[in-house]
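Read through the structure below, which is laid out as structure tokens, and then see the notes.
The values are calculated or read from the model by the stated rules, or taken from the named source; none is laboratory data. All of these numbers come straight from a predicted model, not from anything done at the bench. No Cβ is skipped: glycine too gets one built from the backbone with ideal geometry, and neighbour counts run over all protein chains shown. The area values use the complete protein model at the heavy-atom level, side chains included, leaving out ligands, DNA and RNA. Shrake-Rupley method; radii C 1.70, N 1.55, O 1.52, S 1.80 Å.
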Amino acid sequence: MSVRWSRIHAVLGLAPGELTYENVRDAVAQSAEETEDLDFKQALPPREDRKLREFAKDVAAMANTRGGLIVFGVTDDDGHAGAITGVANSEAERQRLSNVAASRIHPMVSGLKILALDGQPDDPGILVVSIPASADSPHLIGNDDQVGIPFRDASNTRWMRERDLERAYTDRFGRRASRIDALQEQRLELSDHLDSGQGCWIVVASRPVTPAPTIVSDPTQNDARLTLVETLRLAGEVSSDKNWKSAILRELNDGANSPRIGLRRWVARSNPFDSAGEPSKWVHVELHHNGSTGFAASLEAWNMESNSDVVQLRTTLIESSIVDAVTLAVVHARNIGSDASAGIEVTLWGSSPKPIVAIDNRTVNGMVLAATSVVPGSRQILRFKPVYSEVGITEDVDGIRAVARTLCEDALNQFGVRASSITAPTRS
């Protein structure tokens, strides 16, 4: 868990990368100015209700504005960083502040990070609270008797008035609707590049809730290639079925080594690009410069048997595609410096009016065969309902797997099928 982009990076003219003790020390040396997304505090809040409420207010205010950092252990010299005096930054202190934020801010701020930064052995410790620009704002603090909604105004924290509150709630619901609209538009744009003759495709679009830092340079072809390599590695960990090993993205083959430039994105696909403009077959991946991703796989292309009456989709391929796509969304956003959550839409695309059925490999006496059959107890569907979720970019493997499993369940439950072992929680 780290902070890869912040006001301190911008002040120092740094590219996205892990925030370090040395970065804070350099910002202090430059007397960095406090802003709406950067606040310096000399001491941690004591175990006193008024001070704890003040801490919750500061966190909620940044979450309600544009996110930011609260740096504990640095004096505030008339609105500028003064000196590093240090604070206790033990796991116990970090957990204490995390519990305060979770219990006093409603709704809870998702993606909040509390980090210890240490320099040399004799250097005083620093504790950094990283607050995301929240998609769930406005966040309020208080109880039934007295509540308030704070926000940042330059380097000051103020309270929302009634008209501010009305606008904040309107913005929240508008953001949710616009995020879904943007994902749908992105999915439709990606579908234009797919070969409809390959049957039914699974299409997964992701988009960061907040844009990538504007200072970030566009990813290079090598950046895109490394993202695909890292996705393959991490998806193998996310998948609980170690025999499957991220089979979908591996079908890019040489396409993963030489992504082609597109409109503010890199594109990789299984079949080679040619001058005739042939559409994509089997697997198609897009890595947008703004942190969005597109993933598509032709599910029927893997079928060994055909059926003219129905569209047959293998459940393990649906799950593996979702694992790869969710992992891709996380890795790409991390690599361009975003640490916000990303919205994800999963849908099926294809022009066939035939019913869709779920199939899987046949099992005889405990042995899994290459042949497939309709999943027992499943049902046909005529229309697949797109499913949505969000994944935190800083999630660990278990967190990514949990999001992937939720999407798999929402997809497969439409067929009356449970998610398989591919996204099952691992046993410790």
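From the list GLU251, GLU278, which one is under 25 Å from the mean Cα position of the chain (by Cα) and among the charged types (D, E, K, R)?
Exactly one residue qualifies, and that residue is GLU251.
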Next on the checklist: Can you list residue pairs whose Cβ atoms sit under 7 Å apart, with the first residue in segment 360-383 being β-branched (Val, Ile, Thr) and modelled with pLDDT under 55 and the second being surrounded by 10 or more Cβ atoms within 10 Å (Cβ to Cβ) and part of a strand (DSSP E or B)? Count only pairs 6 or more apart in sequence or on different chains.
Outcome noted: VAL368/ASN361
Item to check | Complete set of residues in segment 385-402 that are at pLDDT 90 or above and open to solvent by less than 20 Å² (accessible area, probe 1.4 Å) | outcome: VAL387, ILE400, ARG401
Item to check | Unique residue being in contact (Cβ under 8 Å) with a residue 12 or more places away in the chain, touching a Gly at 6+ places or on another chain (Cβ under 6 Å) and not polar (S, T, N, Q) when the list is VAL87, VAL100 | outcome: VAL87
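Only one of PRO138, PRO107, PRO132, PRO121 is touching a residue at least 60 places away in the same chain (Cβ under 8 Å), out of contact with any Ser or Thr (no Cβ under 7 Å at 6 or more places or on another chain), over 20 Å from LYS41 (Cβ atoms) and not basic (Lys, Arg); which?
Values: PRO107 fails: touching a residue at least 60 places away in the same chain (Cβ under 8 Å); PRO132 fails: over 20 Å from LYS41 (Cβ atoms); PRO121 fails: touching a residue at least 60 places away in the same chain (Cβ under 8 Å).
Result of the check over PRO138, PRO107, PRO132, PRO121: PRO138.
For segment 31-51, state whether one or more residues are of a type in the set (A, V, I, L, M, F, W, C), buried (at least 23 other Cβ atoms within 10 Å of the Cβ) and not in a helix (DSSP H, G or I).
yes
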Checklist entry - Condition test on VAL28, is it surrounded by fewer than 19 Cβ atoms within 10 Å (Cβ to Cβ), touching a residue at least 12 places away in the same chain (Cβ under 8 Å) and hydrophobic (A, V, I, L, M, F, W, C)? => result no
Checklist outcome for this item: Checked segment 403-428 for anything over 24 Å from ILE180 (Cβ atoms), β-branched (Val, Ile, Thr) and either at pLDDT 85 or above or surrounded by fewer than 19 Cβ atoms within 10 Å (Cβ to Cβ) (or both); matches are VAL417, THR426
